[in-house]
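Laboratory data are not the source of any read-out in this text; all were calculated from the coordinates shown. All figures in this text were calculated on a predicted structure; none of them were measured in a lab. With ideal geometry, Cβ positions are generated from the backbone for all residues, glycine too; neighbour counts draw on all protein chains shown.
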Amino acid sequence: MIVCKTKKELAQALSSLPKGSIGFVPTMGALHQGHASLFKRARAENDIFAASVFVNPIQFNNPDDLKNYPRNFEADRKLLEQNGCDLVFAPSEEEMYPQGEAVKSYSFGALETVMEGAQRPGHFKGVGVVVGLLFELIKPDNAYFGEKDFQQVAVIQDLVRQMGIHTRIVPCPIQRAEDGLALSSRNALLTPRHRALAPEIYATLKKSTQMANQTCRELKDFVCAQIAAVPEMELEYFEIARPDSLQSVPDTEPAAGNVGFIVVWMGKVRLIDNIRY
Ligand code: PAF
């Protein structure tokens, strides 16, 4: 596996590899089995499998979240190697965003003003900048993203349309621990007690699917009550939205055919999950 720290090294490495399709998985490191599922697909479906590891400061709206974000490049490198990665791009912040150099920024309209966009101002702008830059540098044929960040997948699909590039976005199903908790780099930051209670989030979402034909209001009340019953959990939002536009479904309509989006805080850790109705 070639490790590139600079854009120049990356360009050289890409031109040294045999010609063929490129499958790309952008990451912020702290890799886990959720990432590994993306790696396996990228490896199986392409001639070249490239990844990036870069904790992108401009997509964090909370300085503490950025400071506490888990980082362990040696472990990341091992997992990438085990999954047959050909090339990893792991630039420094200065390499990615040289001082004084303008970045290309994109607008995602209503996609970036709801849910994660509303709660984390500037988040999707930051994601758009870094993924746009990575796509320009790597020119992937296929790029793989986890559906845990469902809204991010919609934003990236819009990014590709705006950039007018050929990259195909491949959404991949959420990977879960045996007890149901959606795999996330942030899970490592949970206390043992919070980790033991956290599966209640998915258990609640799963139970709520039995109410898919009831109104969104009834379903929201159920989910809110279940989470409120766990004192260690604080619900940031639970929203039912259209799978394509991500716009909220009226409370009087049934949930079926839409997606439930949840964010729960446990201590200082923000957990996110979603489910299809
Ligand atoms: O999903 C992530 O880990 C990040 O948002 C991404 C796509 C790597 C951009 O920094």
Problem - Assigned charges on the beta-carbon of Lys, Arg, Asp, Glu; the chain dipole about Cα centre (debye) - result: 400
Completion exercise
Longest principal axis of the chain (C-alpha) makes with the long axis of helix 7-16 (C-alpha) an angle, in degrees to the nearest 10, of 70
Problem - Extended-chain gain in nm, criterion 0.36 nm per residue less alpha-carbon gap, Ser16 and Ala44 - result: 8.0 nm
Problem - Euclidean distance of C-alpha centroids, segment 201-277 and segment 37-77, integer Å - result: 27
Problem - D (Stokes-Einstein, µm²/s), Kirkwood Cα radius, segment 173-257, 0.692 mPa s at 37 °C - result: 233
Practice task
Can you tell me which of 187-194, 92-99, 211-218 comes out highest on packing, and rank the rest after it, using the mean Cβ neighbours within 10 Å?
Solution key: 211-218, 187-194, 92-99
Completion exercise
1/(1 + (r/R0)^6) with r = Cβ-Cβ of Val103 and Lys5, R0 = 25 Å, i.e. FRET efficiency to nearest 0.05, evaluates to 0.80
Practice task
For the chain, find the longest principal axis of its Cα atoms and tell me its angle to the long axis of helix 73-82, 0 to 90°, nearest 10.
Solution key: 80
Practice task
For the chain, calculate the relative contact order in percent as a whole number, restricting contacts to Cα pairs under 8 Å that are 6 or more residues apart.
Solution key: 18
Handout entry: Taking only Cα atoms of segment 8-135, radius of gyration then Dmax in Å
Key = 15.6, 44
Fill in the blank from the handout: Share of Cα-Cα pairs in segment 136-277 beyond 20 Å, whole percent, is 51
Completion exercise
Quick calc, segment 204-277, dipole around Cα centre from Cβ unit charges on Lys, Arg (+) and Asp, Glu (-), nearest 20 debye, gives 180
Handout entry: Relative frequency of Cα-Cα separations exceeding 34 Å in the chain, percent
Key = 20
Problem - On Cα atoms only, tilt of 123-138 relative to the major axis of the chain in degrees - result: 30
Practice task
Alpha carbons only, please: Rg and Dmax for segment 85-219, in angstrom.
Solution key: 18.1, 54
Exercise for the section: Kindly put Asp244, Asp47 in sequence by how many other C-beta atoms sit within 10 Å of each C-beta, fewest to most. Expected result: Asp244, Asp47
Practice task
Calculate the dipole size of segment 150-276 relative to its Cα centre from +1 charges on Lys and Arg beta carbons and -1 charges on Asp and Glu beta carbons; express the result in debye to the nearest 20.
Solution key: 380
Practice task
Would you kindly compute the Cα radius of gyration of segment 106-183 and its largest Cα-Cα separation (Dmax), both in Å?
Solution key: 13.3, 41
Exercise for the section: Rounded to the nearest 0.05, what FRET efficiency do Ser245 and Glu136 give with R0 = 30 Å and r taken as the Cβ-Cβ distance? Could you check? Expected result: 0.65
Exercise for the section: Return the calculated 222 nm mean residue ellipticity for the chain, to the nearest 500 deg cm²/dmol, obtained by summing -39500 (n - 2.57) across DSSP H runs with n ≥ 4 and dividing by the residue count. Expected result: -11000 deg cm²/dmol
Problem - Charge dipole of segment 7-82 about the Cα centre (unit charges at C-beta), most positive-ward option of Ile48, Asn72, His32 - result: Ile48
